[in-house]
Amino acid sequence: MMEFILGHYNYWIVIFLMMLGFYTVISRGNMVKKIVGLNIFQVSVFLLYISIGNVSGGTTPIIAEGFTRYSNPLPHVLILTAIVVGVATTALGLALVVRIKEAYGTIEEDEIHDQDQSL
Amino acid sequence: MIDILIDIILLSFLAIIAIAIIRTRSLLAVIMLFSIFSLLSAGLFMVLDASDVAFTEAAVGAGISTVLMLATLALTKSYEEKPSSHRPWIPLLVVSVTAAFLVYGTIDMPPFGDPNAPAHQHVAPRYIEQGAKETGVPNLVTAVLASYRGFDTLGEVTVVFTAGIGVLLLLGGRQRRKKKKEKR
Amino acid sequence: MKHNLILRVIAKFLIPIIVLFALYVQFHGDYSPGGGFQAGVIFSAAFILYAIVFGLDTAERVVPPRVLQILASIGVLIYAGTGFVTLFLGGNFLDYNVLAEQPVAGQHLGILIIELGVGITVSSVMLLIFFTFAGRNRP
């Protein structure tokens, strides 16, 4: 039982973080908070991939003498690029937030909705 | 054994900070907490033997994305999040149902760090055995990134470039418009 | 922050080290952790520090946004161009074996070139995004 919990703890925390991010995105009205939630979701996906790529007793996948067991390099590559692409897309989202603020004068979803309704 | 202990402690810290991020209303504090969150996750990547990823996450998550979020905050001048008028029950229900399904899905997953997991059976052994010989590069992450999956990386670089153009289009044009108004 | 002496002195001391480290990460990425993505981000972090401490206008005089726009596209062009060079030399797209006499040397050369392209694009796009955000509320 203990072994089962230790072996799946990573995945459960990943799911917990993912759901916290998801909850922030769908329940909070503030745009900046939504983007932070999206980023938490993103980090949880990174953690899932890296956890899957880990091999117990392995080392960083850089070939060196004296090591025979390396962790899986493929998830590392995918996540490495995903992090940089992630910050670029986050910047795009933040740029949209700035434009929304300039157009509506607020970044709260409810107020934007009210302004749209009153038109 | 010790790295599993560090792993569990860091993961618990991440969960606690994520809860703090959700509960905090001051956006400045939220962004600072998110920076700490990113730095901790970088440490976690290091423990999980992904030094390249840890590197990137420390520079990007704790550095650049924090600076960008602070810049946004300076532009939107909204330092406090207003309390939501909606009831949280429907989002909570959606989230709990999704979480239940996901946890049910993990029961079948191979335990953490299992060398016989299906993920390690397919292409990874070839990369580890042949990668350094075929490309002459001992860092397998670089070898896979630039050579074996070069096409993929070309796409990623194009995405970064496109996002840069998008930000320029959205925010780069103000001064020109002002000048036009002055001419009128 | 233009008048804060300690920040200015420490920043002047730190920025060359950060840039040097970024170059190390870029060109030593085949043997140690690193590569174009990380180097680009670290390189842009050095200039963002410069812009924060010494002011945006000074930073834009050091690296004008117009140059950054050109550099961002040059990086992608280096990457895609390497693919077309290998195509014309008789290999597949992005198959570096044909770049040199020995396949392994060709692979090594190809990896170095495209990592350079990635580094140039990532660093200039990150800087460009920062300059655009920071310059938005300039009077």
Handout entry: Output for segment C:97-135, where each listed residue is open to solvent by 10 Å² or more (accessible area, probe 1.4 Å), of a type in the set (A, V, I, L, M) and free of Cβ contacts under 8 Å to residues at least 40 places away in the same chain
Key = C:98, C:99, C:100, C:104, C:105, C:109, C:113
Handout entry: Filter result (among the hydrophobic types (A, V, I, L, M, F, W, C) and open to solvent by 20 Å² or more (accessible area, probe 1.4 Å)) within segment A:64-111
Key = A:64, A:67, A:74, A:78, A:82, A:85, A:92, A:96, A:100, A:103
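Output the residue which, of all residues in segment A:54-63 that are among the aliphatic types (A, V, I, L, M) and outside any strand (DSSP E or B), is most open to solvent (accessible area, probe 1.4 Å).
It comes out as A:63.
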Practice task
Considering only segment A:97-119, state which residues are part of a helix (DSSP H, G or I), without any contact (Cβ under 8 Å) to a residue 40 or more places away in the chain and among the aliphatic types (A, V, I, L, M).
Solution key: A:98, A:103, A:112
Practice task
Could you please give the count of residues in segment B:124-150 that are more than 25 Å from residue C:80 (Cβ to Cβ), more than 7 Å from chain C (Cβ to nearest Cβ) and open to solvent by 20 Å² or more (accessible area, probe 1.4 Å)?
Solution key: 7
Problem - Residues satisfying the stated conditions in segment B:63-100, i.e. of a type in the set (Val, Ile, Thr) and either open to solvent by less than 60 Å² (accessible area, probe 1.4 Å) or under 15 Å from residue A:28 (Cα atoms) (or both) - result: B:64, B:66, B:67, B:72, B:76, B:90, B:94, B:95, B:98
Problem - Those helices (runs of 4 or more DSSP H) lying entirely in segment C:1-79 with at least 2 residues without any contact (Cβ under 8 Å) to a residue 24 or more places away in the chain and under 30 Å from residue B:147 (Cα atoms) - result: C:5-27
Exercise for the section: Please specify each residue of segment B:77-95 satisfying the condition of being more than 8 Å from every other protein chain (Cβ to nearest Cβ) and either of a type outside the set (Lys, Arg) or under 30 Å from residue A:55 (Cβ atoms) (or both). Expected result: B:79, B:80, B:83, B:89, B:90, B:93
Problem - Number of positions in segment B:17-42 that are more than 7 Å from chain A (Cβ to nearest Cβ), more than 17 Å from residue A:42 (Cα to Cα) and hydrophobic (A, V, I, L, M, F, W, C) - result: 4
Practice task
Please indicate, with yes or no, whether at least one residue in segment B:163-178 is open to solvent by 30 Å² or more (accessible area, probe 1.4 Å), of a type in the set (Gly, Ala, Ser), out of contact with any Phe, Trp or Tyr (no Cβ under 6 Å at 6 or more places or on another chain) and modelled with pLDDT under 90.
Solution key: yes
Exercise for the section: Identify the residue in segment A:1-19 that is open to solvent by less than 10 Å² (accessible area, probe 1.4 Å) and of a type in the set (A, V, I, L, M, F, W, C) and, among all such residues, is nearest to the other protein chains (Cβ to nearest Cβ). Expected result: A:17
Exercise for the section: Using the structure shown, decide if residue B:103 is open to solvent by 30 Å² or more (accessible area, probe 1.4 Å) and either of a type in the set (A, V, I, L, M, F, W, C) or more than 7 Å from chain A (Cβ to nearest Cβ) (or both). Expected result: yes
Practice task
Check B:93, B:70 and return the single one that is in contact with a helix residue (DSSP H, G or I) (Cβ under 8 Å, 6 or more places away or on another chain) and modelled with pLDDT of 90 or more.
Solution key: B:70
Exercise for the section: Using the structure shown, decide if residue C:62 is surrounded by fewer than 22 Cβ atoms within 10 Å (Cβ to Cβ), out of contact with any Leu (no Cβ under 8 Å at 6 or more places or on another chain) and facing chain B (nearest Cβ under 7 Å). Expected result: no
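The values are calculated or read from the model by the stated rules, or taken from the named source; none is laboratory data. Given the structure is predicted, the values throughout are model-derived calculations rather than measurements. Because the Cβ atoms are built from the backbone with ideal geometry, glycine has one as well, and the counts that use them run over all protein chains shown. SASA here: full protein model, heavy atoms, side chains in, ligands and nucleic acids out. Shrake-Rupley method; radii C 1.70, N 1.55, O 1.52, S 1.80 Å.
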